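Below is one structure; the comments refer to it alone.
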Amino acid sequence: MYTRKAVLPDAENLRGLIADFSGDGTLLPRSLAEICENIRDFTVVVEGDELLGCGALHLYGTHLAEIRSIAVWPRFKGAGAGRLLVDALLEEAELHHVHCVCLFTRIPEFFAHMGFAEAKREELPDKIYKDCANCPKLHECDEVAMYRGELPQFAILPRPAKLQLRVRQPLVKIER
Ligand SMILES: CC(C)(COP(=O)(O)OP(=O)(O)OC[C@H]1O[C@@H](n2cnc3c(N)ncnc32)[C@H](O)[C@@H]1OP(=O)(O)O)[C@@H](O)C(=O)NCCC(=O)NCCS
């Protein structure tokens, strides 16, 4: 079992795997077009010819990257594929000199086991501006924000005008 960067011929397989977990909201649905466009974000874990799982690293800048779309087919669960994926994505972040890797999840126990700690959503403004601002669950989010490394002190994305924030914009250092 090993990890490698995904290539376009993996895209349909990734679409099926992500779709398997998006029905109940575990993962955000990703269309085939979106997966193809972002294929370079994806890492896969494989054994022989079989694709066991996938995960993606979205780069905001050296201040922040996000682990997304991490999934292992149920029949391969518990065999170490998830850990291999997280390790590979963290290594990739390191390669890019990223100081903080974040994610939003409903299984914080798994990621705590991988060295992630809980964050406040507003401590990850780029993530909020990119995704949460357009999410119907903005004010009743059931996911836990988590991070590894140093929390960012700024956002690189513009704050969407329509975002009626109940979260404050941390433009200055946050006291934890
Ligand atoms: C979460 C998921 C990726 C884990 O993959 P996996 O291949 O089963 O995980 P691994 O076998 O590599 O487990 C690594 C470690 O995490 C632990 N672990 C696995 N799932 C866990 C969970 N839900 N909660 C807490 N710990 C967990 C394992 O016991 C193992 O511990 P160890 O290394 O001390 O033995 C997989 O279960 C999955 O695809 N879940 C559905 C999709 C999902 O929820 N993705 C996350 C969205 S943010």
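Every number here is computed from the coordinates shown, using simple stated rules; none is lab data. Only a predicted model underlies this, so the values are computations on that prediction, with no experimental measurement involved. Glycine also receives a Cβ, built like all others from the backbone with ideal geometry; neighbour counts cover every protein chain displayed.
Can you give me the distance in nm between label points at L59 and L95, each placed 7 Å from the Cα along the Cα-to-Cβ direction?
With each label placed 7 Å out from Cα toward Cβ, I get 1.0 nm.
For the stretch 2-149: lysine pairs with Cα atoms under 26 Å, gap of 8 or more or different chains, count? Don't jump to the answer; show the numbers that get you there.
Numbers: K5/K77; K5/K127; K5/K130; K120/K130; K120/K137; K127/K137.
Lysine pairs satisfying the spacing and distance rule in the stretch 2-149 number 6.
Which angle between 0 and 90 degrees, to the nearest 10, do you get for helix 11-22 versus the longest principal axis of the chain when only C-alpha atoms count?
60
Run through every distinct alpha carbon pair of the chain and return the Kirkwood hydrodynamic radius in angstroms, one decimal place. Each step should come with its number before you reach the end.
Numbers: mean 1/r = 0.0598 Å⁻¹.
With all distinct Cα pairs of the chain included, I get 16.7 Å.
Once you treat every alpha carbon in the stretch 1-51 as an equal point and sum by Debye, what is log10 I(q)/I(0) at q = 0.22, 0.24, 0.25 Å⁻¹?
-0.80, -0.92, -0.97
What does the extension gain come out to for Y2 and E140, with contour length at 0.36 nm per residue minus their alpha carbon separation?
Numbers: separation 138, 0.36 × 138 = 49.68 nm, distance 3.75 nm.
Gain in length upon complete extension: 45.9 nm.
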